[in-house]
Amino acid sequence: MTKRILLLGATGLIGRAFARAASPYRWTLIAPPRAEADLTHPATLRGLFHRTEPDLVVNAAGLADVDSAERHEDEAMAINFEGPATLAAQCSTRDIPLVHLSTDYVFDGRDAAPYNEDAPMNPLNVYGYSKMMGEEAIRHELAWHVILRVASVFGGARKNILTKTLDAIDTQDEVRCVADRTSAPTPDHAVAHALATIAEKVMEGGLGLYGTFHFCGAPIASRYAFAKAVMEAYAPFTDRRPKIVPATSEIFADLAPRPLFSALDCRKIERVYALAQPDWQDALPAAIQASFAAKSAR
Ligand SMILES: NC(=O)c1ccc[n+]([C@@H]2O[C@H](COP(=O)([O-])OP(=O)(O)OC[C@H]3O[C@@H](n4cnc5c(N)ncnc54)[C@H](OP(=O)(O)O)[C@@H]3O)[C@@H](O)[C@H]2O)c1
């Protein structure tokens, strides 16, 4: 019998990419709209599990806008903490696995080497705190969990570091970018492939597949280095040639503080799932083309 995967967040950046990555697999993908899968309504979630009877759940839903989370703490906690706790409890009742996305922002960014899965969490902002609490709730409720921490995911759809950089190139003569904060940009399709690989292997069964894993692109880059690479990859498609100017994070009026260094050590996922870190630079041309398609579909 084909396995049934319940996907939450199917309209999001990562959710959409996962739906594309899932198409070659012999799964039935159930991707309800937000109204039928609202993380802030436990009764709706319970009804959803009852109706759909999944074999595995992928949670790609969340409040991912860091400054919005800072402004709306209750909403961030409801979506990123209480919702995942309900999902984990439902999965526990049915004895099925949950694959959940978390973030490099659970760390404070004071280390100088990539964070491994056992590094202590110490989030600097509401978003990171709400995601940390979501992780802890899942660990408490359900042994059959995979928490996949990812970082700076980009693609053609929704608002993300790539689409924001392209908008800035299109509209500004001088694009100022943070040069003193580094992370690991990660293509959305690589995250989706990682999720699909995890789902497939977990449903096949095996040892050591559960727990927390890190996955991000390489090499590590500041937003300034990322913007320069985007400019280069975008050049064949545009006449725009704004100056890309390095800036310190202090001059940006971000509401929420952010970690200065949040690259992730990805050796565990490579060992357990044979998933290698993608080179994000290689993924830029296709992602830029995908952004044109997403724009014209709007
Ligand atoms: N993007 C990144 O750089 C990044 C980095 C690290 C971790 N993550 C994590 O990855 C996950 C997905 O991120 P993303 O970038 O794909 O975010 P996204 O593009 O903003 O998508 C978020 C998804 O969650 C849905 N959603 C929001 N509130 C909901 C609610 N109350 N109930 C049910 N669904 C709700 C959204 O639905 P609507 O379409 O209706 O808004 C959308 O489908 C999040 O958990 C995020 O924390 C992302």
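The values are calculated or read from the model by the stated rules, or taken from the named source; none is laboratory data. No experiment lies behind these values; they were computed from the predicted model shown. Here Cβ is always computed from backbone atoms with ideal geometry, including for glycine, and neighbour counts include all displayed protein chains.
Points worth noting:
- Scan of segment 121-136 for residues that are within 16 Å of the ligand (Cβ to nearest atom) and more than 24 Å from residue 270 (Cα to Cα), ordered by number: 123, 124, 125, 126, 127, 128, 129, 130, 133, 134
- Top-ranked residue in segment 169-216 [being more than 16 Å from the ligand (Cβ to nearest atom) and among the aliphatic types (A, V, I, L, M); ranked as farthest from residue 13 (Cα to Cα)]: 207
- Failed item, numbered, when residue 86 is tested on (1) part of a helix (DSSP H, G or I); (2) crowded, with 20+ Cβ neighbours inside 10 Å; (3) near the ligand (Cβ under 10 Å from one of its atoms): (3)
- Residue match in segment 7-18 (condition: among the aromatic types (Phe, Trp, Tyr) and free of Cβ contacts under 8 Å to residues at least 60 places away in the same chain): no
- Qualifying residue in segment 270-287 (condition: under 30 Å from residue 1 (Cβ atoms) and assigned to a helix (DSSP H, G or I)): yes
- Residue 53 of a type outside the set (Val, Ile, Thr), more than 23 Å from residue 191 (Cα to Cα) and in contact (Cβ under 8 Å) with a residue 60 or more places away in the chain: no
- Condition check for residue 119: touching a residue at least 60 places away in the same chain (Cβ under 8 Å), surrounded by fewer than 20 Cβ atoms within 10 Å (Cβ to Cβ) and out of contact with any Ser or Thr (no Cβ under 7 Å at 6 or more places or on another chain): no
- Members of segment 199-252 that are aromatic (Phe, Trp, Tyr), buried (at least 17 other Cβ atoms within 10 Å of the Cβ) and without any contact (Cβ under 8 Å) to a residue 60 or more places away in the chain: 224
- When 21, 78, 61 are checked against the criterion of being closer than 25 Å to residue 160 by Cβ, more than 9 Å from the ligand (Cβ to nearest atom) and surrounded by 15 or more Cβ atoms within 10 Å (Cβ to Cβ), 21 stands alone in meeting it.
- Selection count where residues are away from the ligand (no atom under 11 Å from the Cβ), under 22 Å from residue 66 (Cβ atoms) and either touching a residue at least 24 places away in the same chain (Cβ under 8 Å) or in contact with an Asp or Glu (Cβ under 9 Å, 6 or more places away or on another chain) (or both), scope segment 137-168: 6
- Considering (1) in a helix (DSSP H, G or I); (2) more than 30 Å from residue 28 (Cα to Cα), the lone condition that residue 292 does not fulfil carries the number (2).
- The condition (being modelled with pLDDT under 95, away from the ligand (no atom under 11 Å from the Cβ), farther than 18 Å from residue 39 by Cα and of a type in the set (Asp, Glu)) is satisfied by just one residue among 111, 95, 118: 111.
- Within segment 94-118, being farther than 15 Å from residue 66 by Cβ and in a helix (DSSP H, G or I) holds for one residue alone: 94.
- Sole exception among (1) buried (at least 23 other Cβ atoms within 10 Å of the Cβ); (2) more than 9 Å from the ligand (Cβ to nearest atom); (3) of a type in the set (A, V, I, L, M) for residue 39, by number: (2)
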